[in-house]
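First comes the structure, then the notes that go with it.
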Amino acid sequence: MAMKLKTTIGMTSVIAYLLTLGTCSGRLRGLGTTPNIKHIVMGRCFNYITLVNPSMRYDCEAIWSAFEEAVVKQASCDVAMEHYRHMFLEMPQTWACDRFLFWSKTKKLIQDYTAVARHFWTLEDTLAGYMFNDIIWCRQQEDSEFNFRSCPEWSACLNHPVHSLWRQASKNFAEMACGNITVLLNGSIENAFNTNSMFGSVELDNLNPVKVNYVNIKVVTNLDGPFIESCGSGSILDLIHILQSRGFRWTCSDNDRILKILQCVQKPEHSVCRTFAESLTQRETTLR
Ligand code: ZNA
């Protein structure tokens, strides 16, 4: 019995040790550079200029060279926003007003939303966002080559190569924003508006109140909750306060119909969706 207890304790300590090791090394070392990065990124670039947005003229080879140069010439944690300057100069972009859609902590939903609400464009619809979406990259420690084995976590670097590219892309995107713009935030988490997020720290600060007419905030929660933040509570109020102090006009909705329909398409049997569908049918009957 004592022997069995000792073995169990021993095993538990080994598992605890392995878990700790996993978390520590995980914090410092994530996945490596996405395999086939050059083919993927250049392929996306050619796809964009040929099929997605054929009116645009870009030199995909020159963009790749500028990108590679920015990444492999600096140490893996020393790639700053400015290092991508040359690359971004190769991909100038302008956008029609009233289409800008910003998001934070709503990545899955935003993909579904932009697929149906074609009118809206996110950073992922610009050439830079399109090329680098979901891609990881970093340089080898000693070598001017991509590191395909492991890359540091964002938090482990002062100037993380992936973070810096998105910061610069987000800054450019926000500077371009004009007309009525939309922001989609996640009401199922604390700090839906987070001043440390890319939206809260880069995009918001680069919006120009002279060019932007209205900031339309949409707060969305999971169907099952938790229902933590809304237009009248939590960090959303901080966002509204900042917008007001900078002279922006704003609206806020926490019950957007299209977003609810999108969530319900995926869970039609959910009680919220049944009630919602009934209310739509009733409305239709009344209209007839
Ligand atoms: N498409 C992307 O991969 C991506 C897009 C990556 C980073 C930033 N963006 C821009 S910034 C996006 O188009 C939105 O306009 C802006 C949202 O940024 P946010 O406010 O910081 O929101 P978030 O949900 O916290 O982060 C956005 C995305 O960044 C996430 O979905 C992840 O793909 C990525 N990310 C955030 N933190 C980390 C991270 N990836 C690796 N390590 C992290 N610590």
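Kindly flag which residue pairs out of Lys105/Lys267; Lys108/Lys211; Lys211/Lys260 have an alpha-carbon separation exceeding 23 Å in this structure. Write out the running numbers ahead of the final one.
Working: Lys105/Lys267 20 Å; Lys108/Lys211 29 Å; Lys211/Lys260 30 Å.
Correct reply: Lys108/Lys211; Lys211/Lys260.
Got a sec to turn the phi values of region 123-134 into Karplus ³J(HN,Hα) couplings, 6.51 cos²θ - 1.76 cosθ + 1.60 with θ = phi - 60°, whole Hz, x for Gly and Pro?
Per residue, the Karplus-derived 3J(HN,Hα) values read 4, 5, 9, 7, 4, 4, x, 5, 5, 10, 4, 6 Hz.
Using C-alpha positions alone, give me the convex hull volume of region 205-285 per residue in cubic angstrom. All intermediate terms of the calculation are to be shown ahead of the outcome.
On the way: hull volume 10.0 nm³, N = 81.
It comes to 124 Å³ per residue, whole-number rounded.
Could you work out [θ]222 nm for the chain from helices alone, using -39500 (n - 2.57) per DSSP H run of at least four and dividing by all its residues? Round to the nearest 500 deg cm²/dmol.
-14000 deg cm²/dmol
Heavy atoms only, probe 1.4 Å: what % of the accessible area of region 11-254 goes to carbon and sulfur, would you let me know?
Details: 6690 of 12400 Å².
About 54 percent, which is the carbon plus sulfur part of the accessible surface.
Quick one: which residues, 5 or more positions from Cys151 or on another chain, have an amide H under 5 Å from its amide H? H modelled 1.01 Å from N in the peptide plane, none for Pro or chain starts.
Gly30, Leu31, Gly32
Enumerate the amide H contacts of Asn213 below 5 Å, restricted to partners 5 or more residues apart or on another chain; note that Pro and chain-start residues carry no placed amide H.
Gly179, Asn180, Ile181
If you average the alpha carbon positions of region 32-91 and of region 134-191, how far apart do those two centres end up, in angstrom?
Result: 14 Å between the Cα centres.
Please give me the summed charge of the neighbours of Asn208: other residues whose Cβ is under 13 Å from its Cβ, Lys and Arg +1, Asp and Glu -1.
Details: positive: Lys171, Lys211, Arg246; negative: Glu175, Glu203, Asp205.
Taking every Cβ under 13 Å from that of Asn208, the sum is 0.
Sort region 58-106 into rounded, prolate or oblate with this rule: let a ≥ b ≥ c be the square roots of the eigenvalues of the Cα gyration tensor; rounded if a/c is under 1.5, and if a/c is not under 1.5, prolate when a/b is larger than b/c, oblate otherwise.
oblate
Which whole DSSP H helices in the chain pass both tests: a Cα extent of 27 Å or more along the axis and a mean Kyte-Doolittle value no lower than 0.5? Mind dumping the intermediate values first?
Details: long enough: 2-28 (39 Å, 0.82).
In the chain, the long hydrophobic H runs are 2-28.
Would you kindly state how much longer the chain becomes between Lys38 and Glu190 on full extension, computed as 0.36 nm times their sequence separation minus their alpha carbon distance, in nm to one decimal?
Contour length minus Cα-Cα distance gives 50.9 nm.
All other residues with a Cβ under 14 Å from the Cβ of Ser235 taken together, and with Lys, Arg as +1 and Asp, Glu as -1, what is their net charge? Could the numbers behind the result be given before it?
Values: positive: Lys105; negative: Glu190, Glu229, Asp238, Asp254.
Net charge around Ser235: -3.
Compute the FRET efficiency between Asn180 and Ser271 as 1/(1 + (r/R0)^6), taking r as their Cβ-Cβ distance and R0 = 35 Å, and round to the nearest 0.05.
Working: r = 34 Å, r/R0 = 0.97.
Working from the Cβ atoms, E equals 0.55.
Before I look further, what does region 27-129 give for accessible area per residue, probe 1.4 Å, in whole square angstrom?
Dividing the accessible area of region 27-129 by its residue count gives 53 Å².
Given the chain reduced to its alpha-carbon atoms as identical point scatterers, what log10 I(q)/I(0) does the Debye formula return at q = 0.13 Å⁻¹?
Values, matching the q order: -1.02.
The values are calculated or read from the model by the stated rules, or taken from the named source; none is laboratory data. Just so it is clear, the model here is predicted, and its values are computed rather than measured. Don't worry about glycine lacking a Cβ; one is built from the backbone with ideal geometry, like all the others, and counts go over all protein chains shown. When the accessible area is computed, the model is the full protein with side chains, heavy atoms only, and any ligands, DNA or RNA have been set aside. Shrake-Rupley method; radii C 1.70, N 1.55, O 1.52, S 1.80 Å.
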